[in-house]
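Here is the structure we will look at.
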Amino acid sequence: MAKKKKAIEENVLKIKKALEEEKVILGTKQVLEGLREGKVKEVYVSTNCPQDVLKDIEQLASISAIGVINLTQANDELGVVCKKPFSISVMAIKNE
């Protein structure tokens, strides 16, 4: 159980660091566009991300060999982590 909690904290820390560096893409449309253009390093999806969206993201990510990380946070919790007043189902970290 401790390992799982540690992994969750690592993902949240990665997201917070990327937010500080302004290297985050928020939203399904923008993440899909970033995947198509090769501008994405990692994709994070919430636990309650719609299955059709998840399928599209996983398909595009597999073509580009980009990791898709399934978070244990729901979309409203991910919105709080990103300090936004709305829910976030999909987000990505931009390439350097």
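In the neighborhood of Gly67, defined by Cβ-to-Cβ distances under 12 Å, what is the net charge if each Lys or Arg adds +1 and each Asp or Glu adds -1? All intermediate terms of the calculation are to be shown ahead of the outcome.
Working: positive: Lys14, Lys41; negative: Glu42, Glu58.
Overall, the nearby charge balance is 0.
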Exercise. Grab the other residues whose beta carbon is less than 12 angstrom from that of Asn48, score K and R as +1, D and E as -1, and report the net.
Key: -2
Quiz item: Which angle from 0 to 90°, rounded to the nearest 10, does the C-alpha axis of helix 2-20 make with the longest principal axis of the chain?
Solution: 60 degrees
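Among the DSSP beta bridges whose two residues both lie in region 2-94, what percent are antiparallel, rounded to the nearest 5?
Bridges in region 2-94 are about 65 percent antiparallel.
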Quiz item: How large is the charge dipole for the chain, taken about the Cα centre, if only the Cβ atoms of Lys, Arg (+1) and Asp, Glu (-1) carry charge, to the nearest 20 debye?
Solution: 280 debye
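Assuming 0.36 nm per residue, please report the length gained on full extension of the stretch Gln59 to Glu96 beyond their Cα-Cα distance.
Numbers: separation 37, 0.36 × 37 = 13.32 nm, distance 2.26 nm.
Gain on extension, Gln59 to Glu96, equals 11.1 nm.
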Quiz item: At 222 nm, what helix-only mean residue ellipticity would the chain give, in deg cm²/dmol to the nearest 500, using -39500 (n - 2.57) for each DSSP H run of four or more?
Solution: -16500 deg cm²/dmol
Quiz item: What whole number of Å gives the distance from the Cα centroid of region 25-51 to the Cα centroid of region 52-96?
Solution: 5 Å
Quiz prompt | Table column - 3J(HN,Hα) (Hz), region 38-50, Karplus curve with 6.51, -1.76, 1.60, x for Gly and Pro | solution = x, 9, 10, 9, 9, 10, 10, 10, 6, 5, 9, 5, x
Practice problem: Please report, to two decimal places, log10 I(q)/I(0) for region 2-94 at q = 0.10, 0.17, 0.19 Å⁻¹ as given by the Debye formula with identical point scatterers on the Cα atoms and no solvent. | Solution: -0.22, -0.66, -0.83
Self-check item: Selected from Leu54, Gly38, Ile69, residue furthest toward positive end of dipole (the chain; charges at beta carbon)
Solution: Ile69
Quiz item: If we count every other residue with Cβ under 12 angstrom of Leu78's Cβ, Lys/Arg +1 and Asp/Glu -1, where does the sum land?
Solution: +1
Exercise. Give the relative contact order (percent, whole number) for region 2-94; include only Cα pairs under 8 Å separated by 6+ residues.
Key: 40 percent
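So how much slack lies between Asn70 and Lys83, counting 0.36 nm per residue of separation and subtracting their Cα-Cα distance, in nm? The partial results should precede the final answer.
Values: separation 13, 0.36 × 13 = 4.68 nm, distance 1.94 nm.
Full-extension gain reported as 2.7 nm.
Only the coordinates and a few stated rules stand behind these numbers; no lab work does. Predicted model only: the values in this text are computed from it and were never measured. Heads up, the Cβs are rebuilt from the backbone with ideal geometry, glycines too, and the neighbour counts pull from every protein chain shown.
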